[in-house]
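The values are calculated or read from the model by the stated rules, or taken from the named source; none is laboratory data. Note that this is a predicted model, so its numbers are computed, not measured. Here the Cβ positions follow ideal geometry from the backbone for every residue, glycine too, while neighbour counts run over all protein chains shown.
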Amino acid sequence: MKILNKKPILFVRILLVLISAVLGFLIGKEYWHNDFLSYVGLLFGFTIGFIVISVEKSMESISTKKILTGGIGLFIGLFIINYITYQLFKSFFTGSDLGYITYAFVNFIAGYLGLIIGLRVSDDFAVGIRPQGTMQTRSSDQRDAGIKTADLEQRLNYKVIDTSSLIDGRILDVSKTGFIDGTFVIPTFVLHELQHIADSQDPLKRVKGRRGLDILKELREDKNININFTDVDYPNIKEVDAKLIAFAKENNGKIITTDFNLNKVAQVRNIKVLNINDLVKALRPILLPGETITVLITKEGREKNQGIAYMDDGTMVVVEDAIKLVGSELDVIVTSVLQTSSGRMIFARINYDKEQALS
């Protein structure tokens, strides 16, 4: 998926409206031979062009798959009415206006039903298909089926990155490890939010936004990371988090985030979430009382004679009798591990046996 340049699209839309208005004017002048009605035709053509543009813009939030299946359903519905049941309405075409109106009404109903059925088939088809496991030997039919489902498998591997994870920055390090496969997807509305933060008057927000843009740039430049952009938007949805959920649900993707609220809402909507904070917690080393670790005493503790150190994952280590050893790297023995609502704390004492041996 690529970000489309909107200027050519805007030009085409304006051109379509102008052509529709001119054609309406010419049709009115040709068939009504009345200047006033010619301008009525111009207004009518302009209105038709505007309606077409409105319908086209509303389809931006609809997937290509749904448009395709809906179009097929519409075509089949009209085909059945015009070529199979035509004889049932043939008697109406004897110059009666009622016959033409009835035929147009039946075409409208058939087209509508075909369109709705096509859209529902698209949803059922997406739910019913699951990627097949890879086999060592395949027939030609199986190979063809694998090619046809390649796009589906890619969609099932979409990882939608939200703004918070880009600002956080750890997504870059995690991506470089290769533990997250599939395709990273950045919707345009995420880019817009990130740019809005980077342009904020608040210095802190501005720094965060620029850091997010720098992380995104590094992700793009890494050849081992598959990252795509999409201009899919949901004009009827205002909140970026709600747009992310809608996009992930429509494409069977997963959301990468550090946002607690987005995490909970996505889980309620049965959308898989890859929370970087949960990943960090899961990767914390498990320490048991009696184990020896090496830490750097960085500051004094609150209690008497305590020194404070931090592990690589940010876990606080409280070391007894280390108040005079700030700035020193020590081997300490874990005495207890305390899990609190704000995180984990490790209490330890200096390993005097090893310190004496080294001295």
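The figures follow:
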read-out	value
Among the candidates Ile255, Ile297, Ile197, Ile215, residue that is modelled with pLDDT of 90 or more and in the same structural domain as Met316 (by TED's automatic domain parsing)	Ile297
Tally, over the stretch 297-322, of residues that are within 39 Å of the chain's Cα centre (by Cα) and in a loop (DSSP other than H, G, I, E, B)	5
Residue, farthest from Asp241 (Cα to Cα), within the stretch 167-187, restricted to residues that are out of contact with any Leu (no Cβ under 9 Å at 6 or more places or on another chain) and hydroxyl-bearing (Ser, Thr, Tyr)	Thr177
So Ile271, is it within 17 Å of the chain's Cα centre (by Cα) and part of a loop (DSSP other than H, G, I, E, B)	yes
The stretch 188-212, residues that are part of a helix (DSSP H, G or I) and free of Cβ contacts under 8 Å to residues at least 24 places away in the same chain	His192, Gln195, His196, Ala198, Pro203, Leu204, Lys205, Arg206, Val207, Arg210
Residue check, Ile237 free of Cβ contacts under 8 Å to residues at least 12 places away in the same chain, assigned to a loop (DSSP other than H, G, I, E, B) and either crowded, with 16+ Cβ neighbours inside 10 Å or touching a Cys at 6+ places or on another chain (Cβ under 9 Å) (or both)	yes
Criterion: farther than 23 Å from Ala282 by Cα and assigned to a strand (DSSP E or B) - qualifying residue of Leu330, Leu338	Leu330
Residue check, Lys281 out of contact with any helix residue (DSSP H, G or I) (no Cβ under 9 Å at 6 or more places or on another chain), within 30 Å of Val334 (Cα to Cα) and in a helix (DSSP H, G or I)	yes
Residue tally, condition more than 22 Å from Leu274 (Cβ to Cβ) and among the acidic types (Asp, Glu), over the stretch 174-201	1
